[in-house]
Structures are given as structure tokens and as C-alpha cells.
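Asker: First, the structure itself, so that you have it in front of you.
Bear in mind that the values in this text are calculations on the coordinates, not laboratory data. Every value quoted in this text rests on a predicted model; they were computed, and no experiment measured them. When we count neighbours, we look across all protein chains shown, and the Cβ atoms used for this are built from the backbone with ideal geometry, even at glycine.
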């Protein structure tokens with residue numbers, strides 16, 4: 001449809017029938033708007049077209065102030081500026097919930113002449129957006145003194161009423177979109193939690209065997225590509241079965257948790273620490289030519305735990321270490337098997353500790 005031209009003599013070119021036809025198209029466009037900026041772009045242009053005005057502004061209520069949020073005009077108006085409700089004609093319109101028709105802005109006591117003097121505006125029409133509880137206003141302006149007609153008031157108010165519905169739709173759409181985002185984020189977080197549970201030992205909070213094999217294998221591939229070294233330390237608790245048999249599994253679980261804490265505190269943040277069996281633990285590390293002092297740190301942490309433990313339940317672990325040079329192509333399974341062999345060699349060489357500390 002041919003748009004109403006913007007260079008005109010207002011009283012001559014305003015056509016109510018053509019404006020109503022144009023308004024129908026605007027209603028359709030507003031029904032598709034999904035954000036405030038889109039609504040304002042449509043309305044600021046439509047306000048000029050349906051009234052035959054030289055300019056239009058889109059005003060939003062912000063507490064006790066009027067924000068001139070957007071505009072389309074032959075000259076600058078007040079976009080981005082705020083005015084108190086009590087001194088702005090848009091504020092008057094919202095507070096009184098009725099249109100303002102002003103044929104001479106310099107003869108109306110509601111107009112702040114200092115605000116209007118720098119502009120082209122000589123006449124204006126302002127209507128509220130949502131008459132029951134106005135959230136804003138739409139203003140149209142003419143560069144020549146004229147009296148806006150009743151038809152222009154009606155059609156601009158119709159546009160404002162349609163705008164009110166569009167703003168409610170935008171708010172509803174935004175709320176639904178936000179709820180969808182929140183729900184999606186919750187589902188992602190829950191999936192991650194479930195995934196982590198599948199990789200985590202429930203008792204100790206360390207990785208389980210599945211988690212260890214998955215993460216260590218991944219880290220080993222990265223290390224190999226970077227031509228770095230890697231190592232695996234296996235640690236087996238001494239005397240856990242007698243503790244379970246005589247003191248109960250609660251005490252055995254307490255000892256397992258103590259072992260987990262000792263190993264986690266002795267390893268680096270980037271090391272993968274896991275409980276891979278009933279009383280067997282593992283640490284995978286990369287980036288060092290040797291895990292300098294790791295076994296000694298673990299032993300010191302064990303001794304410190306035993307000194308502080310009020311139950312007098314001593315913790316003891318046998319450890320085996322397998323180191324892989326940067327040029328080594330040994331698999332993770334082979335590294336674990338060799339570390340396991342070294343660990344049991346240590347365990348066999350130690351005296352039977354039995355129910356140590358009970």
C-alpha cells in the first residue's frame with residue numbers, strides 16, 4: 001500500500017480511510033513484535049503516517065518520570081531525555097488518562113516553553129498508552145499551527161491501544177522466553193549433575209573407576225600430543241577388612257574417606273584422583289618427568305591424620321608408581337597394570353598390619 005507522504009500540509013492530506021487501512025497493517029506488524037525496540041520502531045513511524053504529522057515520539061513511564069524513549073521527526077525532539085511527570089505534557093496525559101490536543105504549544109499553560117522553543121513543534125496531539133493504567137504515551141507534532149481533528153485523536157488512540165496490547169505480548173513473550181531459558185539451564189545442570197554422579201564415588205566424592213578411566217585416558221591423549229610425560233600412582237589401604245569385620249562398616253567407611261582426603265590433599269589440582277575399587281585408589285598425573293615427592297607427601301599426610309585422629313584408628317596405604325616418558329606409547333591399562341604390580345610388591349614386602357590402631 002502506498003504510504004502517506006511526509007511532505008504535506010497536514011489539514012489537507014490527512015485521510016481517515018487510508019489511515020485506518022494503514023493501521024490494520026500496523027496491527028499485524030505489532031502482533032509479530034517480540035521486543036520493545038521492535039514495537040517502538042513500528043509505532044514511531046505509524047504514528048506519523050496515520051495522523052499526517054511532522055514528528056512522533058514514544059514515551060515510557062519510569063516511576064515519576066517520563067522517558068522519551070524513541071522518536072521519528074523532521075527535526076530533533078527529546079529522545080533519551082527524562083522529564084518529571086508533573087511538568088511534562090506526556091506526564092499530564094498519563095496522570096489524567098486522557099488525550100491532550102494543543103493547537104498552539106506556546107499558548108497552553110501545560111507546556112514548558114523552554115523545552116519546546118528549540119524544536120520545530122507548534123501543535124501537538126498526545127494520547128496515553130493503556131488508559132486504565134497508562135504505561136506511556138504517544139505524541140505527534142506539527143511544524144505549523146493547526147488543530148488536530150477528532151478523527152486524528154481517535155486513530156492515534158487506536159494505535160496506542162494496540163501498542164498497549166503489543167507491550168503486554170512482549171512482556172509475556174519475554175517472561176516465557178526467560179522461563180524456557182531457566183528451564184533449559186536447569187535441565188543442563190541436572191544432566192551435568194547426573195553425568196558427574198555416574199563418574200563419582202558416592203562415599204568419598206572422588207572419581208570412581210569409570211570416571212578415572214575416562215578422564216585419565218583423555219588427559220593421556222592430550223599429553224601424548226604435547227609430547228609430555230605421564231604417570232599413575234596406585235594406593236591400596238592396609239587392614240581395611242579387619243576394621244570392617246570387627247568395628248563395622250561405618251568405621252571402615254570413615255577410614256576410606258580419610259584415605260580419599262589424604263590423597264586429594266597430596267595431589268595437584270589438575271591431577272585425577274579416584275577410588276577405583278573397594279579399598280584401592282589411583283592418581284593420574286601429567287606434565288612432570290616424575291611426580292616429585294608425591295609418595296612422601298602422601299605418607300606425611302597419613303602420619304598427620306593418624307596423629308590427629310581421635311578414634312585412634314590408624315590409616316596405612318601401600319603405593320606403586322608407574323611413570324611413562326614423553327616418547328613412551330604405553331596404554332593407560334598397561335600403566336595401571338604396572339603400577340598395580342609395583343604396589344603389591346610393596347605390600348608383600350611390608351609386615352601384616354592387621355587391625356592397626358584398633
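Asker: Can you give the convex hull volume of the alpha carbon atoms of the chain per residue, in Å³?
Answerer: Output value, Cα hull per residue: 250 Å³.
Asker: If a/c stays under 1.5 just call it rounded; otherwise compare a/b with b/c (prolate if a/b is bigger, oblate if not). Do that for segment 10-175, with a ≥ b ≥ c from the square roots of the Cα gyration tensor eigenvalues.
Answerer: Oblate shape, in that a/c is at least 1.5 and b/c is the bigger or equal ratio.
Asker: How high is the relative contact order of the chain, in percent, counting Cα pairs under 8 Å that sit 6 or more residues apart?
Answerer: 13 percent.
Asker: Taking 45 Å as R0, compute the FRET efficiency from the Cβ-Cβ separation of residue 187 and residue 87 and round it to 0.05.
Answerer: 0.35
Asker: Set the Förster distance to 51 Å, then compute FRET efficiency between residue 297 and residue 62 from the Cβ-Cβ distance, nearest 0.05.
Answerer: 0.25
Asker: Suppose each label sits 7 Å from its Cα in the direction of the beta carbon; what would the residue 202-residue 250 distance come out to in nanometres?
Answerer: So the label points at residue 202 and residue 250 sit 1.8 nm apart.
Asker: Which parts of segment 84-113 would a label at residue 144 reach, counting a residue when its backbone N lies under 18 Å from a point 7 Å out along Cα-to-Cβ?
Answerer: Residues 102-106 fall inside that zone.
Asker: Quick one: helix 150-199 against the long Cα principal axis of the chain, what's the angle to the nearest 10°, folded into 0 to 90?
Answerer: The two axes meet at around 0 degrees.
Asker: If each residue of separation counts as 0.36 nm, what is the full-extension length gain between residue 224 and residue 308 once their alpha-carbon separation is subtracted?
Answerer: 26.1 nm
Asker: Can you bin segment 209-349 into rounded, prolate or oblate? Criterion: square roots of the alpha carbon gyration tensor eigenvalues sorted a ≥ b ≥ c, rounded for a/c under 1.5, prolate for a/b above b/c, oblate for the rest.
Answerer: Since a/c reaches 1.5 and a/b is larger than b/c, the shape of segment 209-349 is classed as prolate.
Asker: Still on this model: Given 0.36 nm per residue, what is the gain on full extension from residue 334 to residue 20 after removing their alpha carbon distance, in nm?
Answerer: Using 0.36 nm per residue and subtracting the Cα-Cα distance, I get 104.9 nm.
Asker: Moving to a separate point now. Which distance in nm do the two modelled labels at residue 131 and residue 96 give, with both placed 7 Å along the Cα-to-Cβ direction?
Answerer: If labels sit at residue 131 and residue 96, their model points lie 1.5 nm apart.
Asker: Once you put a point 7 Å from the Cα of residue 27 and another 7 Å from the Cα of residue 261, both along the Cβ direction, what distance in nm separates them?
Answerer: It works out to 7.2 nm between the two label points.
Asker: If you don't mind, there's one more thing I want to ask. Pairing the Cα long axis of helix 209-225 with the longest principal axis of the chain, what angle in degrees results, from 0 to 90 and rounded to the nearest 10?
Answerer: Orientation of helix 209-225: about 80 degrees from the principal axis.
Asker: Something else now. Round to the nearest 10 and give me the degree value, 0 to 90, for the angle of helix 16-31's Cα axis relative to the longest principal axis of the chain.
Answerer: That helix lies at roughly 10 degrees to the long axis.
Asker: Nearest 0.05, what FRET efficiency do residue 161 and residue 217 give at R0 = 51 Å with Cβ-Cβ as r?
Answerer: Efficiency computed from Cβ-Cβ geometry: 0.20.
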